[in-house]
Amino acid sequence: MKVIMPIAGKGTRLRPHTHVTPKSLIRVAGKPIIGYIMEQLQNIDFSEIIFIIGHLGDQIRDYLKSTYDFPMRFIRQVDFMGLGHAIIQAKEEFKKDESVLILLGDIIFTADIAGIVSSEHNIIGYMKPDDPRKYGIIMVDKDGFVTNMVEKPDIPPSNLAIAGIYYFTSAYRLFDSIQHIIEEKIKTHDEYQLTDAMKTMMYHGEKFKVFLVPEWYDCGEKSSLLATNKIMLERHATNDKIAGSIIIPPVFIGNDTSIENSIIGPYVSISEGSIVRNAIIKNSILGVETVVENALLESSLIGDNSYLSEVPKEFNIGPDSEIIFTK
């Protein structure tokens, strides 16, 4: 079995951060998003992970090769025409037909990966989001087999949303189906979707089962990223005691940081090499080697190698006055 992980997306909803940092390397509770996925691959048997990279792909490759010793291969996607198109970039790396596990590299989830890859059927992970219109949707029968699927429908026929975890018993049959939709120019939302390729497989007799992904966290935009950071901090906080500062758990403080005369927390992640002085920070993420001085931060996302300093204000306020600063 091989693993394919598409991580070539540009992460447009997280700009300006993703102009210089790949979405999968943005840190949540002190760890890059992709790090949470890689940890779940440690206890399964596979021959190689194939990463489909694009935007800022060299950063992803350097991080992965310096952090993990899995067998890895990196393929650069030049044209961006949907998830199906991304996956078929790996076709030439399969010299024989074998099973394949596909994981999207920009989400945080927990799942029984070992159980998934032991299935005798193709299998799709699903979750139940508040708004399923943003996802591929599946419909299943009473035995748990998929009866139909549709990509990002305006009116979802069910609330079972595809979670970005897929297992195929035959990589060749998957690639043949993707090749078919490309040759026939079968597109949804002007892209070659994996959903359409799986529907083609179903039309040719392939069966798909489903499994519930018990935990699935969106990291696609600032608000959801901060919400995910809160959850991960409950599990991975360091809650260090800093002389001269107040730490309100849960907080993650990376190595080689300097914190002076500050109040940090709750729900703050400070990455390694950062400096914080005379600041009050809560519900925020600070990137690597970031400097924050004289600041009051809440619900903020500060990128790597940034410098933020507020100028102290001076007031001369007479009696019976009221001054309100609004956002």
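A few notes on this one:
- Put simply, of Gly84, Gly115 the only residue that is buried (at least 19 other Cβ atoms within 10 Å of the Cβ) and either part of a loop (DSSP other than H, G, I, E, B) or small (Gly, Ala, Ser) (or both) is Gly84.
- Condition check for Asp45: surrounded by fewer than 18 Cβ atoms within 10 Å (Cβ to Cβ), among the acidic types (Asp, Glu), in a helix (DSSP H, G or I) and not assigned by TED's automatic domain parsing to the domain that holds Asn255: no
- Test for Met201: is it over 20 Å from Gly136 (Cα atoms), in contact with a helix residue (DSSP H, G or I) (Cβ under 9 Å, 6 or more places away or on another chain) and either touching a residue at least 12 places away in the same chain (Cβ under 8 Å) or not in a loop (DSSP other than H, G, I, E, B) (or both): no
- Going through (1) at pLDDT 90 or above; (2) of a type in the set (S, T, N, Q); (3) surrounded by fewer than 17 Cβ atoms within 10 Å (Cβ to Cβ) one by one, Asn159 falls short only on (1).
- If you go through the range 281-291 and keep only what is surrounded by fewer than 23 Cβ atoms within 10 Å (Cβ to Cβ), closer than 17 Å to Asp240 by Cβ and touching a Leu at 6+ places or on another chain (Cβ under 7 Å), you end up with just Ser284.
- Within this structure, Val276 passes the test of being farther than 23 Å from Ile33 by Cα and buried (at least 16 other Cβ atoms within 10 Å of the Cβ).
- Qualifying residue in the range 14-32 (condition: modelled with pLDDT under 90, more than 30 Å from Pro250 (Cα to Cα) and surrounded by 15 or more Cβ atoms within 10 Å (Cβ to Cβ)): no
The values are calculated or read from the model by the stated rules, or taken from the named source; none is laboratory data. Please read all numbers here as calculations on a predicted model, not as lab measurements. As a convention, Cβ positions derive from the backbone with ideal geometry for all residues, glycine included, and neighbour counts pool all protein chains shown.
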